[in-house]
Amino acid sequence: MNDATIRVERKGKVATVTLNRPDRHNAFDDALIAGLTETLEGIGADPAVRVVVLTGAGKSFSAGADLGWMKRMAGYTFDQNMADARGLARLLSTLDRLPKPTIARVNGPAYGGGVGLVAACDLAIAQPEAAFSLTEVKLGLIPAVISPYVVAAIGPRAARRYTLTAQRFDAETALRLGLVHEVVAADALDDAVSKTVDTLLANGPQAMAAGKALIGTVANRPIDDAVIEDTARRIAECRASPEGREGVSAFLEKRKPAWMS
Ligand code: COA
């Protein structure tokens with residue numbers, strides 16, 4: 001999908017998805033949410049795409065939910081609001097569960113749902129101008145559907161602070177909190193993203209998908225017998241898989257694995 005508000009650029013094994021509403025700081029309404037979800041589903045199912053980069057056009061990453069759309073929705077019934085809110089929830093879970101590594105290229109400020117998009121990506125690289133804020137309470141709202149991803153990224157303590165205060169925090173603070181993994185000068189952003197992309201392209205695509213699913217399963221669960229058994233099953237399956245066999249053979253034969261060609 002390549003509509004005006006979402007740009008998708010394919011370069012080899014990498015898909016770059018750009019939120020493209022710069023005059024609205026890449027705020028998302030129902031149409032953009034539906035389009036982005038469809039785009040990500042398509043990319044998720046495309047074996048030729050191995051890494052996904054998510055970014056924003058213009059000076060912001062994303063100003064979150066489109067407040068014009070929010071205002072319109074306020075006049076609708078509860079059931080209509082539920083159906084609509086599920087759309088954003090589905091977008092975030094699609095991004096979170098995408099069976100490929102995702103990198104948020106945080107080119108500028110991210111507010112509200114924009115923070116949620118960053119948190120739902122596997123990796124995030126920001127430039128110093130990329131401020132963050134969970135602004136919702138200032139508007140009498142709450143960062144509801146993004147909260148599982150935000151809490152997973154920065155923990156409940158910091159999430160509580162920023163949900164209640166709506167304070168802006170800078171890129172260095174986001175780095176300290178674990179919301180982003182790297183902060184680099186604006187003119188070094190593309191280079192940093194591309195180095196991370198290269199790192200990911202060297203890794204087994206099935207292994208990365210399985211590794212991502214593994215973290216999703218074991219995080220925040222007691223290490224009981226079921227978890228121990230499940231982790232043993234997962235590595236047993238990986239070892240016997242074509243990719244696992246190829247990766248180990250390539251190492252022992254001192255050659256590049258087939259997925260790197
Ligand atoms: N939804 C809809 N429109 C938005 C928007 C949003 N979330 N964020 C910004 N815009 C619009 C502004 O209304 C403005 O429209 P106009 O040109 O018709 O007046 C335009 O984008 C430019 O924004 P402006 O506020 O003039 O730019 P700025 O550089 O001074 O500030 C922001 C940018 C993002 C800091 C500021 O617009 C802001 O705080 N937006 C709200 C973000 C938010 O709370 N999001 C969470 C929603 S749950």
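Values quoted throughout were computed directly from the atomic coordinates according to the rules given, and no laboratory measurement underlies them. Remember, predicted model here, so these are calculated numbers, not experimental data. No Cβ is skipped: glycine too gets one built from the backbone with ideal geometry, and neighbour counts run over all protein chains shown.
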Item to complete: Pick out which of 118, 137, 106 has the largest mean-square fluctuation in a Gaussian network model of the chain, springs linking Cα atoms closer than 10 Å.
Response: 137
Item to complete: Give 100/138; 13/254; 11/254; 13/195 a once-over and call out the pairs whose C-alpha atoms are over 26 Å from each other.
Response: 100/138; 11/254
Worksheet item: Given springs between every Cα pair under 10 Å in a Gaussian network model of the chain, which of 158, 236, 186 has the largest fluctuation?
Response: 236
Worksheet, complete the sentence: Projected onto the charge dipole of the chain (unit charges on the beta-carbon of Lys, Arg, Asp and Glu, signs +1, +1, -1, -1), the Cα from 213, 89, 17 with the largest positive-side position is that of 213
Discussion item. Suppose every Lys and Arg Cβ carries +1 and every Asp and Glu Cβ carries -1, with no other charges. What dipole size does the chain come out with about its Cα centre, to the nearest 20 debye?
Written reply: 260 debye
Worksheet item: So how do 223-232, 66-75, 107-116 stack up, highest first, on mean other-Cβ count within 10 Å?
Response: 107-116, 66-75, 223-232
Discussion item. Let me understand the chain better: what is its radius of gyration from the alpha carbons, and its Dmax, in angstrom?
Written reply: 19.1, 65
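Just the number: Rg to Rh for segment 125-189, Cα atoms, Kirkwood Rh, two decimals.
Rg/Rh: 1.00.
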Worksheet item: Which whole-Hz ³J(HN,Hα) couplings does segment 38-53 yield from phi under the Karplus relation 6.51 cos²θ - 1.76 cosθ + 1.60, θ = phi - 60°, glycine and proline marked x?
Response: 4, 4, 5, 4, x, 5, x, 8, 9, x, 6, 8, 10, 9, 10, 10
